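Beneath this line is the structure, given in structure tokens, with notes to follow.
The values are calculated or read from the model by the stated rules, or taken from the named source; none is laboratory data. Note that the structure is a prediction, hence the values are computed from the model and not measured. Cβ sites come from the backbone with ideal geometry, for glycine too, and all protein chains shown count toward neighbours. The area values use the complete protein model at the heavy-atom level, side chains included, leaving out ligands, DNA and RNA. Shrake-Rupley method; radii C 1.70, N 1.55, O 1.52, S 1.80 Å.
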Amino acid sequence: MIIAKSEEFTNPLVEAAQIIRKGGLVVFPTETVYGLGANALDAKAALKIFKAKKRPVNNPLIVHIAEKKDIKKIVASVPAMAQKLIDKFWPGPLTIIFKKKEIIPNEVTAGLETVAVRLPNHALARAFIREAGVPIAAPSANLSGRPSSTEASHAKKDLGKKPIFILDGGRSKFGVESTIINILENPPVILRQGAVTREALQKVLGQVAVLNSKNSKIISPGTRYRHYAPRTKLALIGSSWQASPKEIELTIIKYHLKNKKVGVLGTRENYHFYKKADRVLLLGSQKNLPTCAVNLYKSFRDFDRFGDVDLILAEIFPEKELGAVIMDRLRRAAENYSC
């Protein structure tokens, strides 16, 4: 059983629910990353999320529910295609775009007629939402643009100066955000790649497209703005994952000649290429991509915490299944910077 940790309250779930009903904010765990939650039916509360995160108000929020039946309270209809996904992946790390009911304020959806909804597969998260008695609007619990929080301590570091209650559910299981899919398009479009892979969705729906975020309207979180980035500059080396380790070794030498300290974010199999680096953090094995995904954001934060390199060089992953998700996050973190 997942237990909430709190030094101040004997019943943190009740306290957190009371804060939500009074229009406050609560950091809570999910199986993907930690969320910064507010009452999804309260426009003023939702606006507090944007202020706390320094998040653009035209970047819509995800609405979290506790039970499948709760979907009918907030969406206009559940298309057959959406029902297939609900039956297969809920509760779980999949967010689905629906036409919204008017009960959901425009502040939550950035003025759109659609709403992003998910049912998390996390006992503490669902208990919290049930206790609150309202759906919870929540993006990731971090400052906008920073790596998402996969531990309560990450959220506390980013948001701790603000009076926000934190439910601690331990380390996140997946370590990357939920997949967001728009089933109102034909074919359905993945708006954000995440813990449910494109391949898994295709087994249920057939053809599934992936959004080109640079040329699109913002209808979903995590599609346009620079995301997930450490404060330390990060660059991807090479165009092919097989060639990447050797190219990183040569780039380390190039930067050392410029008196720059270089860190490497890589995998266990390629460690021997990186011995000349000033710091190496290993995500895990190429044969265990779930572990690599879980460690990604923590590694970003660890490089910033150590603060002893001028540049992070990241190993490239194969563009399939979770490898594609990891590459999506690495590219967003490295956006607007190259060697």
Notebook entry, point to check: trypsin sites (Lys or Arg not before Pro), restricted to region 284-339: which are DSSP loop and have at most 13 other Cβ atoms within 10 Å?
Noted result: LYS287, LYS320
Check: Which percent of the accessible area of the chain is formed by carbon and sulfur heavy atoms (probe 1.4 angstrom)?
Finding: 50 percent
Next item on the list: Provide the per-residue ³J(HN,Hα) series for region 92-105, in order, calculated from phi with Karplus coefficients 6.51, -1.76, 1.60 and θ = phi - 60°, each as a whole number of Hz, with x at glycine and proline positions.
Entry: x, x, 10, 9, 10, 8, 10, 6, 8, 8, 5, 4, 8, x
Checklist line | Longest DSSP-loop-exposure-free segment, GluC sites (Glu not before Pro), the chain, at most 15 other Cβ within 10 Å | finding: 186-318
Margin query: What distance in nm separates the two pseudo spin-label positions at ALA76 and ASN212, each 7 Å out from Cα along the beta-carbon direction?
Written below: 2.8 nm
Check: Which of the lysines could a cross-linker bridge to LYS246, judged by Cα under 24 Å and excluding same-chain residues fewer than eight apart?
Finding: LYS233, LYS254, LYS258, LYS260, LYS261, LYS275, LYS276, LYS287, LYS320
Next item on the list: Tell me which residues come under 5 Å, amide H to amide H, from LYS233 once H is placed; ignore anything under 5 positions away on its chain.
Entry: ILE312
Notebook entry, point to check: Taking H as built 1.01 Å from N, whose amide H comes closer than 5 Å to the amide H of ALA110, not counting residues under 5 places away?
Noted result: LEU61
Note to self: Spelling out what I want: for every residue of region 268-284, take phi, set θ = phi - 60°, compute 6.51 cos²θ - 1.76 cosθ + 1.60 (Karplus), and round to whole Hz; glycine and proline get x.
What the structure shows: 4, 5, 10, 4, 5, 6, 10, 5, 8, 5, 7, 7, 10, 10, 9, 6, x
Check: What accessible area per residue comes out for the chain, rounded to a whole number of Å², with a 1.4 Å probe?
Finding: 44 Å²
Checklist line | Neighbour-limited loop hits for trypsin sites (Lys or Arg not before Pro), region 44-110 (at most 14 other Cβ within 10 Å; DSSP other than H, G, I, E, B) | finding: LYS54, LYS101
Next item on the list: Would you look at the GNM of the chain, springs on alpha carbons closer than 10 Å, and say which of TYR228, TYR274, TYR255 moves the most?
Entry: TYR255
Check: For a label point 7 angstrom out from the Cα of ALA123 toward its Cβ, which stretches of region 85-106 have the backbone nitrogen within less than 17 Å?
Finding: 91-92
Notebook entry, point to check: For region 65-79, in order, what is each residue's ³J(HN,Hα) by Karplus, 6.51 cos²θ - 1.76 cosθ + 1.60 with θ = phi - 60°, in whole Hz (x at glycine and Pro)?
Noted result: 10, 9, 9, 4, 5, 5, 4, 5, 6, 10, 10, 6, 7, 10, x
Next item on the list: Compare the Cα positions of ALA334, VAL14, PRO93 along the charge dipole of the chain (+1 at Cβ of Lys, Arg; -1 at Cβ of Asp, Glu; about the Cα centre) and return the one farthest towards the positive end.
Entry: ALA334
Item checked: region 174-191 and region 268-339: distance between their alpha carbon centers, rounded to Å -> 24 Å
Check: In terms of modelled amide H atoms, which long-range or inter-chain residues lie less than 5 Å from the amide H of VAL27?
Finding: GLY37, PHE165, ILE166, LEU167
